[in-house]
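The values are calculated or read from the model by the stated rules, or taken from the named source; none is laboratory data. Just so it is clear, the structure is predicted and the values come from calculations on it, not from any experiment. A quick note on method: Cβ atoms are made from the backbone with ideal geometry, for glycine too, and the neighbour counts reach across all protein chains shown. Keep in mind that these areas ignore ligands, DNA and RNA; they rest on the heavy atoms of the full protein, side chains included. Shrake-Rupley method; radii C 1.70, N 1.55, O 1.52, S 1.80 Å.
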Amino acid sequence: MARLLIVDDEEADRIVLRTILERARHEVFVAKDGQEALEQLSGKSIDVVITDLQMRNVHGLELITLLRDMNPRPGIIAISGTGETQLDMAQALGAARALSKPVTPEQLLAAVDEVLPGLA
């Protein structure tokens with residue numbers, strides 16, 4: 001079981017992702033934007049952050065930049081429906097995986113499983 005933080009400004013997406021991850025027995029926290037994510041990260045030990053890219057307040061790419069400087073650094077999975085360019089940028093900035101929306105349960109769980117061993 002891992003501690004995961006989902007960051008997405010779309011409530012429906014947060015609910016779907018949370019349900020998938022909780023069924024896989026992970027402990028899941030949610031944030032509606034990058035600013036809320038940063039506030040939650042200051043008080044919790046999080047293994048993996050799963051972040052949307054298009055959000056208000058703190059954009060997903062900015063959040064990834066801030067996350068890569070954290071110690072300990074959480075694994076980062078970027079998710080976006082805006083196309084490959086932003087997903088490529090997310091990986092260049094430090095996301096371990098980048099997934100296009102809509103994300104299937106299998107894609108999400110495989111990405112989490114791939115990112116977790118890299119944290120040890």
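Among the numbered conditions (1) closer than 20 Å to Thr85 by Cα; (2) assigned to a strand (DSSP E or B), the only one that Val28 does not meet is (1). When Ala90, Ala95 are screened for being under 19 Å from Arg14 (Cβ atoms), in contact with a Ser or Thr (Cβ under 9 Å, 6 or more places away or on another chain) and assigned to a helix (DSSP H, G or I), only Ala90 passes.
Being of a type in the set (S, T, N, Q), touching a helix residue (DSSP H, G or I) at 6+ places or on another chain (Cβ under 8 Å) and open to solvent by less than 60 Å² (accessible area, probe 1.4 Å): is that true of Thr104 here?
No: the conditions fail for Thr104.
Within segment 20-77, being over 21 Å from Met1 (Cβ atoms), open to solvent by less than 40 Å² (accessible area, probe 1.4 Å) and either in contact (Cβ under 8 Å) with a residue 40 or more places away in the chain or among the basic types (Lys, Arg) (or both) holds for Asp52, Met55, Gly60, Leu63.
Among the residues of segment 78-101, write down those that are farther than 12 Å from Ile50 by Cβ, surrounded by 13 or more Cβ atoms within 10 Å (Cβ to Cβ) and at pLDDT 90 or above. So that I can check it myself, show each step before the final result.
Restricting attention to segment 78-101, the residues satisfying the condition of being farther than 12 Å from Ile50 by Cβ are 81-89, 91-94, 100.
Next cut, surrounded by 13 or more Cβ atoms within 10 Å (Cβ to Cβ) only: 81-82, 86-89, 91, 93-94, 100.
Across segment 78-101, the qualifying residues are Gln86, Leu87, Asp88, Met89, Gln91, Leu93, Gly94, Ser100.
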